[in-house]
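Quick notes on the structure that follows.
The values are calculated or read from the model by the stated rules, or taken from the named source; none is laboratory data. The model shown is predicted, which means the values in this text are computed figures rather than measured ones. Every residue, glycine as well, gets a Cβ built from its backbone with ideal geometry; the counts of neighbours run over all protein chains shown.
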Amino acid sequence: MSRLDSVIRRLSAQRDCLQAALHHAPDGAFLEIGLGNGRTYDHMREIAADRDIWVIDRKMTAHPASAPPDAFYLEGEADAMLGALFARIGRSVALAHYDLGVGVPEEDDPLRAALTAPIARLLVPGGLLVANGAFEGMTPLPLPGSVAEGRYFILRAG
């Protein structure tokens, strides 16, 4: 499979998983972990216009049309920003989307492991995490039929 086909499959899986998770998310805010260009954040605010959407990223690189309001954006390293967000809003996130990493398991797996607890403590009971990788200690939920197993993940917090 070409890298172009792979990214198309990944983005389709991301969209389909977010849409599926939206229908099962409890009450609460949403969180985008890894803003990048802002495409996923833009999609989240379209499909969940009634939710507060918090965003963290190392550096603002989003297209101006896809940038969150300053009041909902925290800039810095993920672990520190997750801690800062917890201090600000506590355990009030119903759905988080995690899209950090470079696609190299040796680099991405330790980062996910290090961020599991800080993400989990933000999630309300039954909160969901839609992610580009598996997270230890969270319950995998069924994927939409359009998403290949292991391509993307919908996880429920304990």
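Using beta carbons and a limit of 9 Å, which pairs, at least six apart or on different chains, have the first residue in segment 60-83 and β-branched (Val, Ile, Thr) and the second one surrounded by 14 or more Cβ atoms within 10 Å (Cβ to Cβ)?
Between residues of segment 60-83 that are β-branched (Val, Ile, Thr) and residues that are surrounded by 14 or more Cβ atoms within 10 Å (Cβ to Cβ), the close pairs are 61/35; 61/36; 61/38.
Out of segment 135-158, which residues are crowded, with 18+ Cβ neighbours inside 10 Å and under 18 Å from residue 22 (Cα atoms)? Write out each step before concluding.
Taking segment 135-158 as the starting set, the residues that turn out to be crowded, with 18+ Cβ neighbours inside 10 Å are 135, 138, 143, 147, 152-155, 157.
Answer for segment 135-158, where residues must be crowded, with 18+ Cβ neighbours inside 10 Å and under 18 Å from residue 22 (Cα atoms): 138, 143, 147, 152, 153, 154, 155, 157.
Go through segment 1-48 residue by residue and tally those that are surrounded by 20 or more Cβ atoms within 10 Å (Cβ to Cβ), part of a loop (DSSP other than H, G, I, E, B) and among the polar types (S, T, N, Q).
So the count comes out to 0.
Within segment 139-146, does at least one residue satisfy the condition of being free of Cβ contacts under 8 Å to residues at least 24 places away in the same chain and in a loop (DSSP other than H, G, I, E, B)? Working first, answer last.
To start, the set of residues in segment 139-146 that are free of Cβ contacts under 8 Å to residues at least 24 places away in the same chain comprises 139-140, 142, 145.
Add one more test, that the residue is in a loop (DSSP other than H, G, I, E, B), and what stays is 142, 145.
Yes; the residues of segment 139-146 include at least one that is free of Cβ contacts under 8 Å to residues at least 24 places away in the same chain and in a loop (DSSP other than H, G, I, E, B).
Checking residue 113 against (1) within 20 Å of residue 12 (Cβ to Cβ); (2) exposed (fewer than 15 other Cβ atoms within 10 Å of the Cβ), which single condition isn't satisfied?
(1)
Do we have residue 109 as modelled with pLDDT under 95 and in a helix (DSSP H, G or I) here? Reasoning before the result, please.
Working: modelled with pLDDT under 95: yes; in a helix (DSSP H, G or I): yes.
The answer is yes for residue 109.
Within segment 16-59, work out how many residues are free of Cβ contacts under 8 Å to residues at least 12 places away in the same chain and of a type in the set (A, V, I, L, M, F, W, C).
Of the residues in segment 16-59, 1 are free of Cβ contacts under 8 Å to residues at least 12 places away in the same chain and of a type in the set (A, V, I, L, M, F, W, C).
Of (1) among the aliphatic types (A, V, I, L, M); (2) more than 16 Å from residue 33 (Cα to Cα); (3) in a loop (DSSP other than H, G, I, E, B), residue 100 satisfies all except one. Which?
Among (1) among the aliphatic types (A, V, I, L, M); (2) more than 16 Å from residue 33 (Cα to Cα); (3) in a loop (DSSP other than H, G, I, E, B), the lone unmet condition for residue 100 is (2).
Sort through 119, 89 and tell me the only one that's of a type in the set (A, V, I, L, M, F, W, C), buried (at least 19 other Cβ atoms within 10 Å of the Cβ) and within 20 Å of residue 41 (Cβ to Cβ).
Working: 89 fails: buried (at least 19 other Cβ atoms within 10 Å of the Cβ).
After ruling out the rest, the residue left standing is 119.
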